[in-house]
Amino acid sequence: MKVNIVVWLVILTACVLFIVFYIENQSLELEPQDDDLSENSELPEELHPIVEKKKDQLVEKAGNQGITIIITEGFRTVGRQDELYKQGRSEEGDIVTYAEGGESYHNYGLAIDFALQNEKGRAIWDMNYDGNNNGESDWMEVVEIAKELGFEWGGDWARFKDYPHLQMDFGLSIYELKRGKRPDDPASD
Ligand SMILES: [Zn+2]
């Protein structure tokens, strides 16, 4: 009789252990897997090579239409983004961005900002300026060239219109970029 109880206890323990083990394995499988985080998930320190190239093409093509532009921003560190975010909030000035550090495509080298240069050599943000006298807004001419080159324009955004801003997201959301996803580097092909 005593032997019987011991045998049953062993069997019961084995069953409990099996069930616990099974459930743990199940829950492990339910945890989200980090899907193919690319090896180059470090933050870049400069513009993505394609954005760099398109930026130069934009300056050149605008120049061909008699429009001189200045690239006022390109790659931006997360620290500088945080500083900009404070402007108009905890620090004085106008709000210039809705993105905190790590939330802007500038932080991943995927965005640039431009301004026009007037005949006095000054940077201007006048969207009605027609320096090449063709009856069209120079600003919108630049935007049109930028879109042809594949840039998305911040002036098209519904929430916060960022008129000097041009970006290329390569199909990646900020959420994905924050998690370490990066566009392919053409140099590594
Ligand atoms: Zn910008």
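Dividing the helix sum by the residues of the chain, where each DSSP H run of 4 or more adds -39500 (n - 2.57), gives a mean residue ellipticity at 222 nm of -12000 deg cm²/dmol. Say the cut-off is 25 Å between C-alpha atoms; which of LYS54/LYS181; LYS53/LYS181; LYS86/LYS120; LYS61/LYS178; LYS120/LYS161; LYS55/LYS161 go over it? Violating the 25 Å Cα-Cα cut-off are LYS86/LYS120; LYS61/LYS178; LYS120/LYS161. The charge dipole of the chain, taken about the Cα centre with unit charges on the Cβ atoms of Lys, Arg (+1) and Asp, Glu (-1), comes to about 600 debye, rounded to the nearest 20. Over the Cα atoms of the chain, the radius of gyration divided by the Kirkwood radius equals 1.34; this is the Rg/Rh ratio. Label separation (SER173 vs TYR22): 3.6 nm, computed from points 7 Å beyond Cα along the C-beta direction. Computed packing ranks the peptides 42-54, 125-137 as 42-54, 125-137, most packed first, by mean other Cβ atoms within 10 Å.
When only the Cβ of Lys, Arg, Asp and Glu is charged (+1, +1, -1, -1), the dipole of the stretch 50-115 relative to its Cα centre reaches about 300 debye.
Short-range pairs are left out: with C-alpha atoms under 8 Å and at least six residues apart, the relative contact order of the chain is 22 percent.
Were the residues from CYS15 through ILE95 laid out at 0.36 nm apart, the gain over their Cα-Cα distance would be 22.5 nm. In this structure, GLN65 and ALA123 have a Cβ-Cβ separation that, at R0 = 22 Å, corresponds to a calculated FRET efficiency of about 0.75. Amide H contacts of GLY131 (H built 1.01 Å from N, in plane; Pro and chain starts excluded): ASP138 sit under 5 Å, all sequence-distant by 5 or more or on other chains.
None of the figures in this text is laboratory data; all of them are computed from the coordinates on show. Quick caveat, the model's predicted, so the values are computed rather than measured. Because the Cβ atoms are built from the backbone with ideal geometry, glycine has one as well, and the counts that use them run over all protein chains shown.
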